[in-house]
Amino acid sequence: MAGIGSSNYWEDLRKQARQLENELDLKLVSFSKLCTSYSSSRDGRRGETSDTTPLLNNSTQDRMFDTMSVEIEQLLAKLTGVNDKMAEYTNTPGTASLNAALMHTLQRHRDILQDYTHEFHKTKSNFLAIREREDLLGSVRKDIETYKSGSGVNNRRTELFLKEHEHLRNIAMATKENMTSQRGMLKSIHSRVNTLANRFPTINSLIQRINLRKRRDSLILGTVIGVCTILLLLYAFH
């Protein structure tokens with residue numbers, strides 16, 4: 001590697017490391033604010049709208065999240081590469097006298113890289129957890145709205161069914177009252193006929209003959225129906 005033994009090469013690597021660390025620091029701050037605003041905007045949509053609610057919608061924030069994630073991952077990869085070159089330089093012959101100081105500087109840059117990597121993954125995981133939770137809540141809210149909308153239709157149908165049921169109930173009650181009235185009239189007529197029959201034996205005898213003929217006709221009709229039913233069953237099974 002050209003100039004690998006020069007101190008200028010080391011300083012160039014340190015300068016690159018500091019520049020990447022500064023960029024990462026700014027990116028991570030913006031990344032953290034994006035995740036916080038994402039959560040706040042979701043809360044604002046669930047509750048009352050406030051002046052602090054971000055104007056960006058969630059689809060825009062999702063795209064920004066993906067873009068910033070890629071950018072931060074690229075910066076972390078570059079910083080890792082610079083740290084690897086610094087570690088390679090500390091193992092170069094001729095740097096033994098400076099090795100302790102170089103190793104201390106290298107370790108500090110490695111610690112910064114580790115902290116930034118940890119912060120990035122933590123923020124990213126939090127963002128994804130929030131998005132997944134909010135997507136689930138959004139799906140639940142949508143199901144609730146759909147259920148409420150469907151319930152409205154069901155309520156109207158139920159109301160129509162109740163009205164129809166009440167109408168049929170009124171008809172049934174009127175029919176029942178009419179039949180009760182007719183039953184009362186028939187009982188009254190039967191009572192009068194019995195009274196007349198008791199007062200006039202001839203009429204009583206006539207009524208008894210009529211009742212006897214009715215019972216006989218009923219028996220004959222029942223027998224005929226029974227025989228016909230049996231014949232039909234026999235025909236059906238054969």
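Which one of these is more than 17 Å from L128 (Cβ to Cβ), open to solvent by less than 50 Å² (accessible area, probe 1.4 Å) and at pLDDT 65 or above: L76, L98, L28?
L76
Answer yes or no as to whether L234 is at pLDDT 70 or above and loosely packed, with under 10 Cβ neighbours inside 10 Å. Steps first, please.
Numbers: at pLDDT 70 or above: yes; loosely packed, with under 10 Cβ neighbours inside 10 Å: yes.
Yes.
All but one of (1) open to solvent by 80 Å² or more (accessible area, probe 1.4 Å); (2) modelled with pLDDT of 90 or more hold for R63; which doesn't?
Unmet condition: (2).
Which condition number in (1) modelled with pLDDT of 85 or more; (2) not in a helix (DSSP H, G or I) is the one that W10 fails?
(2)
Would you check if K122 is modelled with pLDDT of 70 or more and within 29 Å of the chain's Cα centre (by Cα)?
Yes, satisfied.
With (1) touching a Lys or Arg at 6+ places or on another chain (Cβ under 9 Å); (2) modelled with pLDDT of 70 or more as the list, and L168 as the residue in question, which single condition is left unmet?
Here L168 meets the rest and fails (1).
From the list G184, G138, G152, which residue is closer than 30 Å to L28 by Cα and modelled with pLDDT under 75?
G138
The values are calculated or read from the model by the stated rules, or taken from the named source; none is laboratory data. Worth saying up front: this structure is predicted, and the values here are computed from it rather than measured. Note that each Cβ is placed from the backbone with ideal geometry, even for glycine, and that neighbours are counted across all protein chains shown. With ligands, DNA and RNA removed, areas are computed over all heavy atoms of the protein, side chains included. Shrake-Rupley method; radii C 1.70, N 1.55, O 1.52, S 1.80 Å.
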